[in-house]
Amino acid sequence: MGVFWVGVEIGSELQPAQFQVLGGKYQAPSIELGLSHSLRSELQSAQFQVLGVKLRWVLGLGVSIRMIQSFPEEALEHVLSFVDSHGDRNSVSLVCKTWYETDRWCRRRLFIGNCYAVSPPIVTRRFWDIRSLTIKGKPHFADYNLVPQGWGAHALPWIAAMGEAYPGLEELRLKRMVVSDEALELIGKCFRNFRVLVLCCCDGFSTDGLVSIAANCRNLRVLELIESEVDDIRGNWISHFPDCFTSLESLNISCLESDLPFAALERLVDRCPNLKSLRVNRSVPLEKLAILVRKAPQLTDLGTGLFMTDSRPELHTKLAGAFSRCNELKSLSGLWDVAPSYLPTLYSACPRLTSLNLSYAPIQSPDLVKLLSHCKNLQRLWVLDYIEDRGLEALASSCKDLQELRVFPSEPYDHEPNIALTEQGLVSVAVGCPKLQSVLYFCRRMSNHALVTIATSRPTLTRFRLCIIEPLCPDYVTQGPLDEGFGAIVEHCKDLKRLSMSGFITDRVFQLIGAHGKKLEMLSLAFAGNSDVGLHYVLSGCKNLKKLEIRDCPFGDRALLFNASKLETMRSLWMSSCQVSYGGCQVLGEKMPRLNVEVIHEKGLPESRSEQCLVEHLYVYRTVAGPRSDAPEFVWTMKDSPSMRCPPKEQLLP
Amino acid sequence: MDLKETELTLGLPGAGVKRGFMDTLDLLKSNRSRGTTKRIDDQEATSSPKPPAAKVQSVGWPPVRASRKNAMKSGAGCNFVKVAVDGAPYLRKVDLEMYGSYEELLKALEEMFSCYGSDYVPTYEDKDGDWMMVGDVPWKMFAETCKKIRLVKSCDVVGLGPKL
């Protein structure tokens, strides 16, 4: 599907031809390519209109590399400019030297999935002019405190290098990186046309750093701080946006803790007519929210502050009125501490909502059901387990467009269930919502029967993350392992890309995953499996595996070393509290020079560092940048021969 | 604490083996179970051989982000503060809501950082940015105003208190 042949037939004259692109993700209906050409002459007047194509290198269909090379460069550049998916762009650059060179010159958007897989100099040497950069740092398990503070992923060296090489940089998106105030100040200083800053799950900066952004980025369109840890020194950084600053389109400061000076926020909203997305923090009270919403009826995405206050009829009316005028509002979030009496103010906006995040709202099931009954067009719902099975059943019958469901635990540390939410809720949604693709579900019991029902009802699932809160929790009906259930998920959901498992599962499930999980890209495991065989099944069977993260599983050296070369085809592997030995890590590091094998010992270096000593955390990732120079003293990178093992940076100093 | 109990051995599931809980010692030290400090003490007292599965919290389990833990309850819910120790390469976080008094907090800190010795003085940074000695103010006030905790080496403690 979606094949566009770039090239001409050898040895014949090409008539103006029509190439039809069938399906494919760029939805181009047809392309006319008018060329006349004979084998040895230059291509003349290659005029063509390209509406967006998916380029695919097709061999043996009368296409010649030589012909491709004599394609005018501008033509190739023009065609390539439509190829914007990162994966496709990378493939394009591998076709031949000319295409690699062209990509070097004209690539503008860059995605770096692991900041240590490359280095700033490698990037700046290769690409001529980057305008948009996305970098991811710490491994995913850092979100759950499994990666010690100080591990790395510093943004400053990247920003400094980009500042020198790409002063035209406009967009920076960082995830799980340590961003200092100095780094933020540098952004304000170096990039004249800076437009987009998104910091997701980052830390290391304070509101002082935000002052620099507000004061210096005159063309800023997007400022989004998503679940980042910000040292909240001053709330009035927002007052530093100059009065002439009007370009803001998206502002997300929901993770900030301190009070914002409301007047400054109100003035900002007032003077930015293109503001489409506004997510304030908890400190903004309900009566102030009403003012903001009234001033910005063009919003498509709103994150409220506190949604509660004492009962005031005139405020109720004001809010309801404000929401009724938001004809473009599609996405709603925030909603901390909701007073149920104020929920009806949202009813007029509900029918248009496609995305609703109630995961911070401790609303009980009956009120949730009432609210959701108005949201017939919902595609994404994030909610607390207060919704209970009955609420999910109601959801399944009223929201037939639902694509993504996330149910979070209200009391994750309680061992006893505190609400009536079981596996039944998820089954109702899986059975009732034909478009369901993505699930994140916390619950306290599960059965193979339920999982099989989910799998057979909803083979369209692409992301399935199930967290049964009690580790090693068996099938509550049979008391046996949940192998069969999870096996059914991978077997029936043929497009499954992401899977997180929990509960009591044995090596058998990994056999099934290795056999069926051919599209699986990310797998998360905890307290699972019996032996190395489990890990071996996964590494040897899952062809498309990119990220594997494991904690507290009895997997050790053997499976790892046997499948060492597999690790070079993946972005990363994380293993903590498993059975990997120091000796095993040494061997892996020696065997695989293009992997960084990081042994992370939180409590300082193991006393003996004997070969049998088990490592606490292991992080293995492919890299072309070699061992990193910024590793802290509790991280050791295994490399080459023992005598050359990379010492922590302290030892390099005289 | 019998270290042998923390050894991981492979075996069929259900054989009473602490599979997956290699670092029981670490779990008990990390003391993350809200309000279940008593339960852990009971377990140690009776030296029960049953796997700690149901009763002891593991670090990072269940997988809920810190931002979610902090934000979920209104007001008196969760109150995570960073704890730094002079000379330690890493930080830890504690939830002040889990403790009802200075004694409980200090005991937990002592357990958490015992490998660094006992020659430390607990200090904290309050809302105004001043570094104070832990214990100066009533517990409730401390829990509300504490932003960060730092265990300082006794010999380094000089002139702590609100800036004049």
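The values are calculated or read from the model by the stated rules, or taken from the named source; none is laboratory data. These numbers were taken from a predicted model, which means no experiment stands behind them. We place every Cβ from the backbone using ideal geometry, glycine too, and count neighbours over all the protein chains shown. Note: areas computed on protein heavy atoms with side chains; ligands, DNA, RNA excluded. Shrake-Rupley method; radii C 1.70, N 1.55, O 1.52, S 1.80 Å.
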TODO: Mind listing the long-range amide H neighbours of A:Gly334? Cut-off is under 5 Å, sequence gap 5 or more, other chains count too, H placed in the peptide plane at 1.01 Å from N.
DONE: A:Thr304
Task: Length released on extending from A:Asp270 to A:Lys494, taking residue separation times 0.36 nm less the Cα-Cα span - done: 75.7 nm
Open item on the list: Under 20 °C and 1.002 mPa s, how fast does segment A:222-317 diffuse according to Stokes-Einstein, given a Kirkwood radius computed over C-alpha pairs? Answer in µm²/s, whole number.
Closed with: 155
TODO: Give, ordered by residue number, each residue of segment A:128-170 whose 1.4 Å probe accessible area is reduced by a minimum of 30 Å² on adding the remaining protein chains to the chain alone.
DONE: A:Asp143, A:Tyr144, A:Asn145, A:Gln149
- [ ] Could you work out how far the C-alpha centroid of segment A:274-296 sits from that of segment A:218-260, in angstrom?
- [x] 13
TODO: Using a cut-off of 12 Å between beta-carbons, work out the net charge of the residues near A:Asp532 (Lys and Arg +1, Asp and Glu -1, A:Asp532 not included).
DONE: -1
Open item on the list: Can I get the semi-axes of segment A:395-441's equivalent ellipsoid? Compute them from the C-alpha gyration tensor as square roots of 5 times the eigenvalues, in angstrom, largest first.
Closed with: 23, 11, 8
Open item on the list: Only bridges whose two residues both fall in chain A count here: according to DSSP, what percent of them are antiparallel, nearest 5?
Closed with: 25
Task: Size descriptor, Kirkwood hydrodynamic radius, that averages inverse alpha-carbon separations across segment A:115-237, Å - done: 14.6
Task: Buried solvent-accessible surface, both chains (A, B), 1.4 Å probe, Å² to nearest 100 - done: 4400
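With a sphere of radius 13 Å drawn around the Cβ of A:Ile387, what net charge do the other residues whose Cβ falls strictly inside it have (Lys, Arg +1; Asp, Glu -1)?
Here the count lands on -2.
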- [ ] Once you have all Cα-Cα distances for segment A:434-517, histogram them in 10 Å bins from zero and send the whole-percent values.
- [x] 20, 57, 23, 0
- [ ] Averaging sequence separations of C-alpha pairs under 8 Å and six or more residues apart, then dividing by the length of chain A, give the relative contact order as a whole percent.
- [x] 5
Task: Distance cut-off 18 Å, percentage of C-alpha pairs in segment B:102-157 lying past it - done: 31
TODO: Using only Cα atoms, figure out Rg for segment A:535-596 and give it as a multiple of 2.2 N^0.38 Å.
DONE: 1.02
- [ ] Using θ = phi - 60° and the Karplus relation 6.51 cos²θ - 1.76 cosθ + 1.60, list the HN-Hα couplings for segment A:427-432 in order, rounded to whole Hz, with x at every Gly or Pro.
- [x] 4, 4, 5, 5, 6, x
Open item on the list: Quick check on chain A: helices-only [θ] at 222 nm, where DSSP H runs of length 4 and up contribute -39,500 (n - 2.57) each and the sum goes over total residues. Nearest 500, please.
Closed with: -8000 deg cm²/dmol
TODO: Return the long-range amide H neighbours of A:Thr460 (sequence gap of 5 or more, or a different chain), with a cut-off of under 5 Å between placed amide H atoms.
DONE: none
Task: Sites matching trypsin sites (Lys or Arg not before Pro) across segment A:423-460 that sit in DSSP coil, with at most 15 neighbouring C-beta atoms within 10 Å - done: A:Lys435
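By the scheme Lys and Arg +1, Asp and Glu -1, what is the net charge of all other residues having a beta-carbon under 11 Å from that of A:Ile468?
Details: positive: A:Arg444, A:Arg445; negative: A:Glu423, A:Glu470, A:Asp475.
Within the 11 Å Cβ shell, the charges total -1.
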Task: Pairs of alpha carbons in segment A:66-147 whose separation is greater than 22 Å (percent) - done: 34
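Pairs of Cα atoms under 8 Å, at least six residues apart: use those to get the relative contact order of segment A:564-635, whole percent.
In percent, rounded to a whole number, it is 43.
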- [ ] Please list the non-local residues whose amide H lies under 5 Å from the amide H of B:Lys148, H modeled 1.01 Å from N, same-chain partners needing a gap of 5 or more.
- [x] B:Glu125
Open item on the list: Suppose the Debye formula is applied to equal point scatterers at every Cα of chain A; what is log10 I(q)/I(0) at q = 0.06, 0.09 Å⁻¹?
Closed with: -0.40, -0.93
